[in-house]
Amino acid sequence: MNEVLKTIGDLGIVPVVAINDAAHAVPLARALSAGGLPVAEITFRTAAAEEAIRAIANEVPEVLVGAGTVLTPGQADKAVAAGARYIVSPGTNPAVVKRCQDHGVPITPGVATPSDIEVALGLGLSVVKFFPAEAVGGLKALKAMAAPYGMLRFVPTGGIDAGNINDYLAFPKVHACGGSWMVKTDMIAAGEFDRIETLVREAVGTMLGFSLAHVGINADGADASLALTRSIAGLFDLGVKEGNSSNFAGSLVEVLKAPGLGAHGHIAIQTNSVARAIAYLGRKGIGVDMATAKGPGGGPPKAIYLEGEFGGFAFHLLQK
């Protein structure tokens, strides 16, 4: 897959932005990055779009900037010249798609019917925009329409918000989602970039859904593990579940039969997407130990340890 499209999939959410004053572009981009989403789709519906894209590309290069609502090959030319690294269009216009392909810039054109999809496939595309998502039937319609096209992935946009984004992202054929609920035009116009940063951070938190799964304690041997498990279970009236390599006190505490990673043990954190969590933590400079990855062959990991220790504990990411 194209590296830009892969990055969009890792990010999971693409803020769809309408900017009326190009002077707002750079502070907006910095707010997006600080909130955990270094990506922006600047719609070509305003006169300031081209200049806004150029400003972000030049001054905030860590933000992956693209152009949305691109309707003509000429607009595609202007967007690419300004620094857009990807193009989004509301429909599938072969002339626009081919112009972007000539530029070597990925495009995700909009589809709403199987006929649209057939056109996109004929143009050699593997990722398309599902638009307007909620207005044309939402996730139920997308699942029905996507069923015959196992090779295609979708970016639903239109009516996506904090209340339904995880429903969409849980569908394996959804690559990412586009949305504007955290970057509303009136907030941008008012210069409310701190508020936008907060809303973006909340959106990322909603998408990743980090929560405590259990605490793991290292024990020295099977007998010691079982004894400690029974003691902890007795404190809180939890059941004891014996296993091959560890025992559980309810679902809260795992006691290993032999020392595992972490001087004291591990803390298991659940997430809606281990793959996106890895990408998110990587942007913070936190790596993972790929040797500990578990999951289906060829697919994203379902469990993995972070590199290093925190207070003597290893951290274990688990897929919800």
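Quick notes
- Taking the Cα centre of segment 78-234 as reference, the dipole from Cβ charges on Lys and Arg (+1) and Asp and Glu (-1) amounts to some 500 debye.
- The mean of 1/r over all pairs of different alpha-carbon atoms in segment 163-320, once inverted, gives a Kirkwood hydrodynamic radius of 17.9 Å.
- Summing charges over all other residues whose Cβ lies under 14 Å from the Cβ of Leu208, with Lys and Arg as +1 and Asp and Glu as -1, gives +3.
- The Ala303 and Leu235 beta-carbon pair, evaluated with R₀ = 22 Å, returns a calculated FRET efficiency of approximately 0.20.
- The slack between Val4 and Trp181, meaning 0.36 nm per residue of separation minus the straight C-alpha distance, is 61.4 nm.
- Shown in residue order for segment 63-69 are the 3J(HN,Hα) couplings computed by the Karplus curve 6.51 cos²θ - 1.76 cosθ + 1.60 at θ = phi - 60°: 8, 7, 9, x, 10, x, 6 Hz (x for Gly and Pro).
- Which listed pairs, of Lys140/Lys173; Lys129/Lys184; Lys184/Lys320; Lys143/Lys320; Lys129/Lys284, have C-alpha distances above 24 Å, in listed order: Lys184/Lys320; Lys129/Lys284
- Where (1) 1.16; (2) 1.04; (3) 0.98 are the candidate values, the label of the one calculated here for Cα Rg over 2.2 N^0.38 Å is (1).
- For Val240, the residues 5 or more places off, or on other chains, whose built amide H falls under 5 Å of its own are Gly250.
- Computed FRET value (nearest 0.05) for Asn244 with Ser211, which takes r as the C-beta separation and R₀ as 22 Å: 0.25
- With only the Cα atoms considered, segment 65-117 has a convex hull volume of 62 Å³ per residue.
- Rounded FRET efficiency, nearest 0.05, which uses the C-beta distance separating Arg45 from Lys98 and R0 of 22 Å: 0.45
- Segment 252-310 and segment 67-146 have Cα centres lying 36 Å from one another.
- Between Asn58 and Ile286, the simple spin-label model (points 7 angstrom out along Cα→Cβ) gives 3.7 nm.
- 3J(HN,Hα) from dihedral phi, segment 180-192, Karplus parametrisation 6.51/-1.76/1.60, rounded to Hz, x for glycine, proline: 10, 5, 9, 9, 5, 4, 5, 5, 5, 4, 7, x, 8
- Ser251 paired with Asp21, simple spin-label distance in nm, labels 7 Å along Cα-to-beta-carbon: 5.0
- Length released on extending from Ala279 to Ala141, taking residue separation times 0.36 nm less the Cα-Cα span: 46.7 nm
- The long axis of helix 193-208 is offset from the longest Cα principal axis of the chain by roughly 50 degrees.
- Label-reachable residues, segment 84-104, where backbone N falls under 18 Å from a point 7 Å from Thr72's Cα toward its Cβ: 88-100
- Evaluating 6.51 cos²θ - 1.76 cosθ + 1.60 at θ = phi - 60° for every residue in segment 274-287, the Karplus couplings come out as 4, 4, 5, 5, 4, 5, 4, 5, x, 5, 8, x, 9, x Hz, glycine and proline recorded as x.
- Helix axis angle, 49-59 relative to the chain longest principal axis, alpha carbon, degrees: 50
- Cβ-to-Cβ counts within 10 Å put Met151, Met290 in ascending order as Met151, Met290, the fewest first.
Values quoted throughout were computed directly from the atomic coordinates according to the rules given, and no laboratory measurement underlies them. Worth saying up front: this structure is predicted, and the values here are computed from it rather than measured. In this analysis, Cβ positions are derived from the backbone assuming ideal geometry, glycine residues included, and neighbour counts consider all displayed protein chains.
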